[in-house]
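Have a look at the structure below before the remarks.
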Amino acid sequence: MSAPIIRLGHRHKRLAYATFSLLWVSGALWLAFHYFLGVEGDFGPEPNPLEKWWLRLHGLAAMLALVALGSLLTNHVRLAWQRNKNRRSGLPMLALTAWLAATGYALYYFSSDANAAWLPLLHWTVGLAVPLALTLHILAGRQRAPGSHTRTQRRKKPVLHLVAQPPVSASQKARP
Ligand code: HEM
Ligand code: HEM
């Protein structure tokens, strides 16, 4: 069995990116539909019927994202932490996701008219910043291991140089 490494495997990385993208896009779509795409009903402005579906998708994506986060904790975070690598941008990533999980929980169970003006803001303003934070984290990680992330370098194979050998003469062959 191969030793655990900090860098994510190809499939692991794709799954993590897909989950975090779904999370962000579903949250952003809810915001767009809630604030800009309301509809006119018989008795005045109403929420767009799609709005509730974006929140349902977001709740699902949030559960998947927490699973993805858990899968990062076992090797990626544990090993990087032990070896003191990229902590400066890794720690804010952990704080960010913990904050989103805590405020998401609060939104689900404790949202009311009394906190409607500020509780959602605490959640989604930070949520919108996730792609920026993740990009900075990845760039900081790449600086740590410069040049080791390009496809060409990863795929580079040793080149065989075929050098023409001088023909072996009959007298050389005959020697013991
Ligand atoms: C929510 C938490 C985190 C997420 C979502 C996350 C995600 C990522 C991703 C996607 C990469 C790029 C991986 C690649 O190109 O193969 C990366 C790189 C890296 N991260 Fe994290 N990370 C998190 C927390 C942390 C923490 C807490 C640390 C340090 C204690 C850390 C250390 C590193 C290092 C060292 C790299 C560079 C790996 C390499 O290229 O060798 N990460 N991270
Ligand atoms: C680990 C990360 C996250 C978790 C666990 C999480 C969880 C949640 C939960 C549980 C809710 C309440 C759902 C409901 O009331 O039915 C919520 C609402 C919401 N989330 Fe997230 N979320 C996360 C990240 C994000 C991100 C990245 C965004 C980016 C835009 C975002 C935007 C929103 C929005 C706009 C709402 C609706 C706010 C409202 O009801 O006024 N969330 N989230």
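What the Cα convex hull of region 1-56 gives, in volume per residue, is 83 Å³.
Quick check: net charge around P4, other residues with Cβ under 12 Å of its Cβ, Lys/Arg +1 and Asp/Glu -1? Don't skip to the end; give the middle numbers.
Numbers: positive: R7, R78, R83; negative: none.
Within the 12 Å Cβ shell, the charges total +3.
The distance between label points at L64 and A18 comes to 0.7 nm (points 7 Å beyond Cα on the Cα→Cβ vector). Farthest toward the positive end of the dipole of region 1-128, out of Y17, Y35, A3, is the Cα of A3, where the dipole comes from beta carbon charges about the Cα centre.
Over all projection directions, the Cα-based convex hull of region 1-120 averages an area of 9.7 nm². Applying the Karplus relation 6.51 cos²θ - 1.76 cosθ + 1.60 with θ = phi - 60° to region 49-64 yields 3J(HN,Hα) values of x, 6, 3, 5, 6, 5, 6, 5, 5, 5, x, 5, 4, 5, 5, 5 Hz, where x marks Gly and Pro.
Where a number appears in this text, it was derived from the coordinates with a stated rule and is not lab data. Predicted model only: the values in this text are computed from it and were never measured. Glycine also receives a Cβ, built like all others from the backbone with ideal geometry; neighbour counts cover every protein chain displayed.
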